[in-house]
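The values are calculated or read from the model by the stated rules, or taken from the named source; none is laboratory data. Keep in mind that this is a model prediction, so the values were computed, not measured. Cβ atoms come from the backbone with ideal geometry, glycine included; neighbour counts cover every protein chain shown.
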Amino acid sequence: MDRNEPAPISPDTNSRASPQHGSRQSVPKRKPPIVDETSNDAKKLEEKQQQEDRFFENAIDMICFLDFNGYFRRVNKAWERTLGYTREELTSRRFIEFVHPDDRERTLNQNAQVRGGGKALSFENRYRCKDGSYRWLRWNAAPDSPQNVIYGVARDITESKRAEEEREQLVRELQAALAEVKALQQILPICSYCRKIRDDENYWHTVENYISRHTSTRFSHSICPSCMATRVEQ
């Protein structure tokens with residue numbers, strides 16, 4: 001090779017020709033894209049919020065956020081379904097206006113305990129429906145003092161309350177019936193001639209009068225066939 005000839009140039013895939021001098025320059029390799037962690041965190045937070053919103057809206061129980069001034073900040077669909085009011089109607093009035101008059105004092109005391117005590121409480125009261133009827137609700141409530149809000153979850157227990165009242169009424173009727181049976185199991189002094197019964201105070205009563213006073217039995221009068229025949233013959 002002639003010394004005056006330039007040496008051959010080896011191909012370099014990482015270089016390119018300079019537009020000014022015709023020489024080749026090194027090209028830096030591309031770096032992988034940087035993942036935006038802030039964007040991912042925001043997306044995860046948004047997804048979590050959407051899940052919480054779906055849970056809130058689709059819950060069977062009645063969920064609410066109640067501020068310390070006594071107004072609902074937020075209620076879920078179960079409130080509309082159970083009581084019949086729109087959300088605007090529920091959030092535009094103080095909660096105590098929906099409570100049964102006989103339950104208001106006790107409910108306000110419970111509300112004050114939740115706000116002042118800083119712990120969860122469980123209690124029951126009646127809420128008025130839009131049609132004027134009342135539903136029994138069982139509450140679990142807890143405060144969030146920094147936010148001046150109470151988180152509440154209520155379950156409609158109206159049907160179980162009715163069943164409980166029916167059981168109590170049945171027990172009362174059974175106890176009354178047993179008392180009547182007990183009264184009739186005593187030995188009754190009865191006159192052999194007029195058939196009157198003597199009571200504990202030594203007063204004499206007709207059979208009808210005595211039994212009516214000591215039981216719920218009532219009498220209706222008729223005539224048997226034998227007496228009918230006797231009366232007809234006379």
- Query: Is there a residue being among the β-branched types (Val, Ile, Thr) and surrounded by 13 or more Cβ atoms within 10 Å (Cβ to Cβ) anywhere in the stretch 163-181?
  - Reply: no
- Message: Looking at Asp102 and the list (1) farther than 28 Å from Ser160 by Cβ; (2) out of contact with any helix residue (DSSP H, G or I) (no Cβ under 9 Å at 6 or more places or on another chain), which single condition is not satisfied?
- Response: (1)
- Does the stretch 68-90 contain any residue that is charged (D, E, K, R), in contact with a Gly (Cβ under 6 Å, 6 or more places away or on another chain) and either in contact (Cβ under 8 Å) with a residue 40 or more places away in the chain or under 25 Å from Tyr134 (Cβ atoms) (or both)? no
- Message: Just to be sure I understand, how many residues within the stretch 124-145 are buried (at least 16 other Cβ atoms within 10 Å of the Cβ) and more than 18 Å from Tyr85 (Cβ to Cβ)?
- Response: 4
- Query: If you check Asn148 against the conditions, is it touching a residue at least 24 places away in the same chain (Cβ under 8 Å), more than 17 Å from Arg81 (Cα to Cα) and either touching a Pro at 6+ places or on another chain (Cβ under 6 Å) or among the polar types (S, T, N, Q) (or both)?
  - Reply: yes
- Please find, among Glu180, Glu105, Glu168, the residue that is more than 26 Å from Thr86 (Cβ to Cβ), over 19 Å from the mean Cα position of the chain (by Cα) and in the same structural domain as Asn76 (by TED's automatic domain parsing). Glu105
- Looking only at the stretch 28-67, count how many residues are over 25 Å from Asp131 (Cα atoms), at pLDDT 85 or above and among the aromatic types (Phe, Trp, Tyr). 1
- In the stretch 104-131, the residues that are touching a Phe, Trp or Tyr at 6+ places or on another chain (Cβ under 9 Å) and of a type in the set (D, E, K, R): Arg106, Arg115, Glu124, Arg126, Arg128, Lys130
